[in-house]
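For reference, the structure is listed below as structure tokens.
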Amino acid sequence: MDLAVVTDKTAIRNAATIIVLRRGPQPAVLMGQRGASAAFMPSKFVFPGGAVDAVDHTVPLRGLPAAEEASLLSDSDLPPTALAAAAIRELWEETGHVLGAPASWQDAPQGWRGFAATGHVPDASSLRFFFRAVTPKGRTRRFDARFFLAEAADLMTDPDDFCRAEDELSLLQWVPLAQARTFDLPFITEVVLAELVAHLADPDVPLTVPFFRNDDEAHLVTRLGGARLI
């Protein structure tokens, strides 16, 4: 049996990734290393992120800006709140950091109970939809990943404390943007970092969202709601 035929039929799962930016004289982003035995991107340094779970559709998410919600709806029928909630949940699970608002959450569902125990509900008011990419054909796992940009200053936890992180990512650290490309990164992470550096260099330029579709070689990269890039 032709393996390429099998892998090209791999179901694409919706996913959310979060880029947490720590501003200052040397801006840095929060990253960790995936395990060497991981099925997807083994040993690579990545941003926190993962697949959208069914429970992410049900949580009491606060504050997602209307402009971000509208952008997330572009070329997608997935609820924007589920995507944003997944990004916040993955940040909590993989780094132990809380992006939320103080509140009691007595009936938190499975998967969110540890987050709720910190005395917060998820708060998306500071999230910005920054990037979107689909895993290329031929991979054993494929994701339609939405990348969100968040500020370290908006975390409700000490940015340097990773004691509550689960063990999915190791070597959690704030990676200076100037040094990030010296790490072993997935190609798409390099692209996202380049987009972030360009944005920080000229923040007054209106932010549009690049979309790596990976479904048509002639139109590989577009901007949501905008023109073709490549």
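Since every read-out is calculated from the coordinates, none of them should be taken as a lab result. Treat the numbers as computed from the prediction; the structure is a model and nothing was measured. No Cβ is skipped: glycine too gets one built from the backbone with ideal geometry, and neighbour counts run over all protein chains shown.
Which of P122, G138, W174 sits farthest toward the positive end of the charge dipole of region 3-223, with +1 on the Cβ of Lys and Arg and -1 on the Cβ of Asp and Glu?
G138
Shape call for region 112-188 from the C-alpha gyration tensor, a ≥ b ≥ c root eigenvalues: rounded (a/c under 1.5), prolate (a/b greater than b/c) or oblate?
On the way: a/c = 1.65, a/b = 1.40, b/c = 1.18.
Here region 112-188 falls in the prolate category.
When you count, for each residue, the other Cβ atoms within 10 Å and take the mean per peptide, how do 26-32, 98-104 rank with the highest first?
26-32, 98-104
Can you tell me how the chain classifies by the Cα gyration tensor, rounded, prolate or oblate, using a/c under 1.5 as the rounded cut? Kindly include the intermediate steps, with their values, before the conclusion.
Working: a/c = 1.31, a/b = 1.25, b/c = 1.05.
It comes out rounded by the Cα gyration axes.
Taking amide H atoms as placed 1.01 Å from N in the peptide plane, list the residues 5 or more away in sequence, or in a different chain, whose amide H sits under 5 Å from that of G119.
none
About its Cα centre, how strong a charge dipole does the chain have in debye, to the nearest 20, once Lys and Arg get +1 and Asp and Glu get -1 at the Cβ? Before the final figure, lay out each step's value.
On the way: 21 positive and 30 negative charges, 71 e Å.
I would put it at about 340 debye.
As a check on your grasp of the helix formula, calculate [θ] at 222 nm for the chain: sum -39500 (n - 2.57) over DSSP H runs of n ≥ 4, divide by the residue count, round to the nearest 500.
Numbers: 5 runs with 49 residues, N = 230.
Dividing the helical sum by the residues of the chain leaves -6000 deg cm²/dmol.
Put +1 on the Cβ of every Lys and Arg and -1 on every Asp and Glu Cβ in the chain; which of L99, V192, V59 then has its Cα farthest towards the positive end of the dipole?
V192
Please sort 112-119, 138-145 by packing, taking for each peptide the average over its residues of neighbouring beta carbons within 10 angstrom, highest first. Intermediate results must be reported in sequence, preceding the final value.
Working: 112-119: 16.5, 138-145: 18.1.
Going from most to least packed, we get 138-145, 112-119.
Tell me the net charge near T182. Cut-off is 14 Å between Cβ atoms, T182 excluded, with +1 for each Lys or Arg and -1 for each Asp or Glu.
On the way: positive: K44, R181; negative: D184, E190.
Here the charged neighbours net out to 0.
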